[in-house]
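Q: Below is one structure. I have some questions about it.
What follows is calculated from the coordinates using simple rules that are stated; it is not laboratory data. Bear in mind the structure is a predicted one, so any value in this text is a computation, not a measurement. Cβ sites come from the backbone with ideal geometry, for glycine too, and all protein chains shown count toward neighbours.
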Number of protein chains: 2
Amino acid sequence: MFYIIGLGLCDEKDVTIRGLEAIKGSSRIYLEAYTSILMVQKEKLEVFYEKPLILADRDMVETESDEILANADKEDVSLLVVGDPFGKLTLDLAGQQTHTDIILRARALGIPIRVIHNASIMNAVGVCGLQLYNFGQTVSLVFFTDTWKPDSFYDRIKENTDLGLHTLVLLDIKVKEQSEENLARGRKIYEPPRYMSIRQAVSQLIEIESLRQTGTLSPDTTLAVALSRVGGGNDNQGIVAGTLTDLVNHPEDAFGDPLHSLVIVGKRLHHLEVEYAQEFAVDLERWRNTAKQVYGCALD
Amino acid sequence: MFYIIGLGLCDEKDVTIRGLEAIKGSSRIYLEAYTSILMVQKEKLEVFYEKPLILADRDMVETESDEILANADKEDVSLLVVGDPFGKLTLDLAGQQTHTDIILRARALGIPIRVIHNASIMNAVGVCGLQLYNFGQTVSLVFFTDTWKPDSFYDRIKENTDLGLHTLVLLDIKVKEQSEENLARGRKIYEPPRYMSIRQAVSQLIEIESLRQTGTLSPDTTLAVALSRVGGGNDNQGIVAGTLTDLVNHPEDAFGDPLHSLVIVGKRLHHLEVEYAQEFAVDLERWRNTAKQVYGCALD
């Protein structure tokens, strides 16, 4: 059996009992390297599972899938991934695509497959108080460079906001990046991982709005919620709510360590969502007043 | 501490290690009665957790929250819910609303709260091969009666399909229903649980399309995917893909036991999604031809 096991959002204790049993029964266990974004190290997972883990980076899952799948028709092999096997962390990681490929390959080889689900940011985002059925499509935001500013996310956000829906924005991660020089010289030397910050994300959103000028986003009247380390417990998880201006002015270190995500609040906002999320507001009065006056929420 | 713990989608083994530890350390554990839709009985959960569970129906979670929360500032109390605490099963269950209320109440009482996430249908639906970032808003479909056919879901599906997005349709569940006679006489006698079938769901969709006639849904050319018992493993989980007509003609018992959900496929369909899901097609040729000719997918 080939198991693809979601590890959930935080640390070694977020695996399910079913997932842990599959891990313990596996003869080989691959840990997808994006798990550098899990809030726990490989070694800690190995101690907890009492099993050695083989680090599998993106290239390996894509190009060496036959090696990963070897003998999985006779013995159990597991691939561990952050969140849910079908959840998504960022577009850049293209996690789902990758897993689709290896599952299609396993099928072609006649290997039985079992997916063990877990939480992903796409459902856990509800913890901020915005209701999941008010969310439209999820978008990803990649790091802008001086010469490359892909902005198709803006059209997606506009589609959602035109319908009054919230948008979950997943922020870019660079985990195995080469400098231009190293890339040119073919040196497999990688830069340290980079995670897009809330401030950078909001700045990029405002930059594209100022180019497009459709009124989809407004720094002072568009409400948003920033989430950090969702699932990490009250002492670790961070939620900050406010206008885009509030978030871009919020101290960078107050958001804490990655992973960060952002929600753009849509106009179908319900007053209960406002009241639930106001606990996280940078400025309670501005949060409520904007919800009332700009979003038309029925608040006292 | 007041814990709200997601149990995941299937049985007693889908709880996370973190969730299980919280359960074991709790002095009182409430099991939300919607868990009748979990594929496991309360007794089996109690044996597995080695803890007695208190059944809490919807009324109790809504109206007796103070009883549930009693002493939670001094000892640990857990509320167990199917899926993720912020996921949604059907609109009718209004799970999130309920949990929002009890969390707001706990906050007001100064009780610390910890949410333990798990998989929900809203991310696990990716198992059918349709990519999560191609989904728009999620809708719920309630049982029609002769006199009551609420159809606002249709507008939501239209909004999604106009954008080319997939729609996850959650199907109604009636778990604590009274007959009109029992209701009139104030007798607290409840009907057996009812779960909307795929066939009924598709029939209701087609019924509203034939009234509205916007061309949002077409029995013979709209593709859809029916999901049963997601997370239940290969021997249990069911996925069936085809046109709406394919699904409505599919033998009722072939979908198996509840819970069922439905995905309406949007026009942004990618050829890899088609190829992944074709394994589940009622009629492979029709699935591929419709994807190619109606959806414009680049298939060989």
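Q: log₁₀ I(q)/I(0) of the protein assembly as shown at q = 0.05, 0.09 Å⁻¹, via Debye over equal Cα point scatterers, no solvent, to two decimals?
A: -0.20, -0.70
Q: At 7 Å along Cα-to-Cβ for each site, give me the label-to-label distance between A:Asp162 and B:Asp235 in nm.
A: Placing both labels 7 Å beyond Cα along the Cβ direction yields 5.0 nm.
Q: Let me ask something else about it. Nearest 500 deg cm²/dmol is fine: what mean residue ellipticity at 222 nm does chain A get from its DSSP H runs of n ≥ 4 alone, each adding -39,500 (n - 2.57), divided by its residue count?
A: -9000 deg cm²/dmol
Q: Nearest 5 is fine: what % of DSSP beta bridges in chain B come out antiparallel, could you say?
A: 45
Q: Taking the Cβ-Cβ separation of A:Ala70 and B:Leu183 as r and a Förster radius of 51 Å, what is the calculated FRET efficiency to the nearest 0.05?
A: After rounding, the FRET efficiency stands at 0.25.
Q: Give a residue-ordered list of calculated ³J(HN,Hα) values for segment B:48-59 (Karplus: 6.51 cos²θ - 1.76 cosθ + 1.60, θ = phi - 60°; whole Hz; x for Gly, Pro).
A: Running phi through 6.51 cos²θ - 1.76 cosθ + 1.60 with θ = phi - 60° gives 5, 7, 6, 8, x, 10, 9, 6, 10, 7, 4, 4 Hz.
Q: Which value, in debye to the nearest 20, gives the size of the charge dipole of the protein assembly as shown about its Cα centre, when Lys and Arg are +1 and Asp and Glu are -1 at the Cβ?
A: In debye, rounded to 20, the protein assembly as shown gives about 160.
Q: Can I ask one more? On average, how many beta carbons from a partner chain sit within 10 Å of the beta carbon of a residue in B:99-105?
A: 3
Q: Considering only C-alpha atoms, what is the centroid distance from segment A:130-184 to segment B:106-127, in Å?
A: That distance is 25 Å.
Q: Can you give the % of DSSP beta bridges in the protein assembly as shown that are antiparallel, to the nearest 5?
A: In the protein assembly as shown, approximately 45 percent of DSSP beta bridges are antiparallel ones.
Q: Sticking with this one: Give the aspartates and glutamates reachable from A:Lys174 as a straight Cα distance under 13 Å; neighbours fewer than 8 places away on the same chain don't count.
A: A:Asp57, A:Asp92, A:Glu191
Q: Under 12 Å Cα-Cα from B:Lys51, which aspartates and glutamates qualify once same-chain neighbours fewer than 8 residues away are excluded?
A: B:Glu21, B:Glu43
Q: A further question follows. How far apart are the A:Val40 label points across copies, placing each 7 Å from Cα toward Cβ, in nm, shortest first?
A: Distances between equivalent label points, in nm: 1.9.
Q: Pick from A:Gln204, A:Gln178, A:Gln131: which residue has the top mean-square fluctuation in a GNM of chain A where Cα pairs under 10 Å get a spring?
A: A:Gln178
Q: Mind scanning B:Lys158/B:Lys267; A:Lys74/B:Lys44; A:Lys267/B:Lys267 and naming the pairs with a C-alpha gap bigger than 20 Å?
A: Beyond 20 Å: A:Lys74/B:Lys44; A:Lys267/B:Lys267.
Q: While we're looking at this one, here's another question. Efficiency by 1/(1 + (r/R0)^6): what FRET value for B:Leu299 and B:Asp257, r their Cβ-Cβ distance, R0 = 30 Å, to the nearest 0.05?
A: 0.35
Q: How about B:Lys292: which aspartates and glutamates have a C-alpha closer than 19 Å to its C-alpha, ignoring those fewer than 8 places off in the same chain?
A: Answer for B:Lys292, where 19 Å is the Cα cut-off: B:Asp162, B:Asp220, B:Asp246, B:Glu273, B:Glu275, B:Glu279, B:Asp283, B:Asp300, listed by chain and number.
Q: So what is the relative contact order for segment B:255-300, in percent, with contacts set as C-alpha pairs under 8 Å and at least six apart?
A: The normalised contact order for segment B:255-300 reaches 40 percent.
Q: While we're here: Looking only at segment B:173-193, which residues have a backbone nitrogen under 15 Å from a spot 7 Å from the Cα of B:Glu207 in the C-beta direction?
A: B:173
Q: Using θ = phi - 60° and the Karplus form 6.51 cos²θ - 1.76 cosθ + 1.60, what ³J(HN,Hα) does each residue of segment B:100-107 get, whole Hz, x for Gly and Pro?
A: Working through the residues one at a time gives 4, 4, 5, 5, 4, 5, 4, 4 Hz.
Q: Sticking with this one: Give me the one-decimal nm value for the distance between modelled label points at A:Thr147 and B:Glu21, 7 Å along each residue's Cα-to-Cβ direction.
A: If labels sit at A:Thr147 and B:Glu21, their model points lie 4.9 nm apart.
Q: Right, another one. What is the dipole size for chain B, taken about its Cα centre, with +1 at each Lys and Arg Cβ and -1 at each Asp and Glu Cβ, in debye to the nearest 20?
A: Once rounded to the nearest 20, the dipole reads 460 debye.
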